[in-house]
Amino acid sequence: MPVSQDREWAQALVKHGDEVAFRCLYRSHTPRLYQFVLRVMGGVEMDAEDVVQETWVRAVTHLERFRWQSAFSTWLTGIGLNLCRERFRRRQRRRGKDLEAVPDLRAVHSHPGVAIDLEQAIALLPDGYRTVLVLHDVEGFTHLEIARQLEISVGTSKSQLFNARKLIRSILRGHRSDKEGIHEPSKRRRVE
Amino acid sequence: MSHRNEDEWNEAERRAFQALARSRQPGVGLEEKTVRRLREEGLLRRPRANWWRRPALAWGSAAAAALLAAFLAGFSAGHYQGAQSTVQVLATLQQGDLMPAAARVQQTGSDYIAALNALRMQADSSPPEQFAQGREVAAAALYAAAAEVIRLDPNDPLAVRILQGLEMQQQQNRKPSNQERKVFWF
């Protein structure tokens, strides 16, 4: 969507609370925002929809302060990402789950007949790893940009990406090996 | 496996990442839920369902759409018919008489189609870049007109589909920017 069109709708929204202008903005930007949030939230649709709704509420509340120095979509994505992280922190407090806790791969690999794709593998990552991986490998952010957005060091961003990639490979490799019959079930049972 | 190998995706893995979906429609109720929430927060004003009882506003919007469509269509065809229509629509608006404004909408719509037809006829004999520009202007006029129809009736299904289709095309044509992105936090 051209920036000028976004701006025109945004101005109508700020000045007049124009619902039509909001719907135009919403329909133009929500599919991309939703896919991003859904991926960062690990594929939980209900959580992702809540975050998208909250993102729009926050965006419309603060739209007057937006200076148009970046694309509207980038600004919106930043708000969405911030809300995802707030949810992670709440979840962590509630369940005591570590943002970098590694999933139990034995459970993941215990269903050799079930194929697992990249999207599912990303969803299985710990929240912290997944966030950095999605920002870097899917959205194309640099480590410097990620570091600024997540308020972490560049080194931390790099090491989280390294760990995330290693884990993704481990998840996918386990399934691929099972499906290709590289590890025969009987031998695996003996080893286990 | 070395650290370097573990840290870099191979070609097949890179392709798998590139193939991941970049957009997805949320549940159908989310838009209405969000609009309701924004209304509750006092951030949105409900559009007037009885817009036809405020003819000045309704016809003003229609005339503005026709004005824009006529201007852009005239530009794309390379003649001044659109500009003349613009002047006539403005004159009609100033007179405050609504029926002639409606007639002008119809006529400028016909002018738009005629201009597109002329563009198509000249396509074979024109340089491709000029034709591409003409197409772009025609699409911009269509987009602006659909946006104005939505202002008149937010639930008009045809206008909504035109807007969505054009926006989808725009997104597909968009190339990723190398510029550093800035994010603002609240």
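The values are calculated or read from the model by the stated rules, or taken from the named source; none is laboratory data. Note that the structure is predicted; figures quoted are calculated from it, not measured. Cβ: placed from backbone, ideal geometry, glycine included. Neighbour counts: every protein chain shown.
Given the structure, is residue B:39 in contact with a strand residue (DSSP E or B) (Cβ under 9 Å, 6 or more places away or on another chain) and more than 7 Å from every other protein chain (Cβ to nearest Cβ)? Against the criterion (in contact with a strand residue (DSSP E or B) (Cβ under 9 Å, 6 or more places away or on another chain) and more than 7 Å from every other protein chain (Cβ to nearest Cβ)), residue B:39 qualifies. Across the stretch A:124-141, the qualifying residues are those that are within 12 Å of chain B (Cβ to nearest Cβ) and not acidic (Asp, Glu), and the one among them that is nearest to the chain's Cα centre (by Cα) is A:134. Among the residues of the stretch B:22-49, not one is assigned to a strand (DSSP E or B) and more than 16 Å from residue A:60 (Cβ to Cβ). Total residues in the stretch A:39-76 satisfying the condition of being part of a helix (DSSP H, G or I), more than 7 Å from chain B (Cβ to nearest Cβ) and surrounded by fewer than 21 Cβ atoms within 10 Å (Cβ to Cβ): the figure is 9. When each of A:80, A:42 is tested for being within 16 Å of the chain's Cα centre (by Cα) and on the phi > 0 side of the Ramachandran plot, the lone residue that passes is A:42. Has the stretch A:175-191 got any residue that is at pLDDT below 80 and crowded, with 19+ Cβ neighbours inside 10 Å? Yes, the conditions are met somewhere in the stretch A:175-191. Within the stretch A:142-165, restricting attention to residues that are within 10 Å of another protein chain (Cβ to nearest Cβ) and touching an Asp or Glu at 6+ places or on another chain (Cβ under 9 Å), which residue is surrounded by the most Cβ atoms within 10 Å (Cβ to Cβ)? In this case the residue turns out to be A:165.
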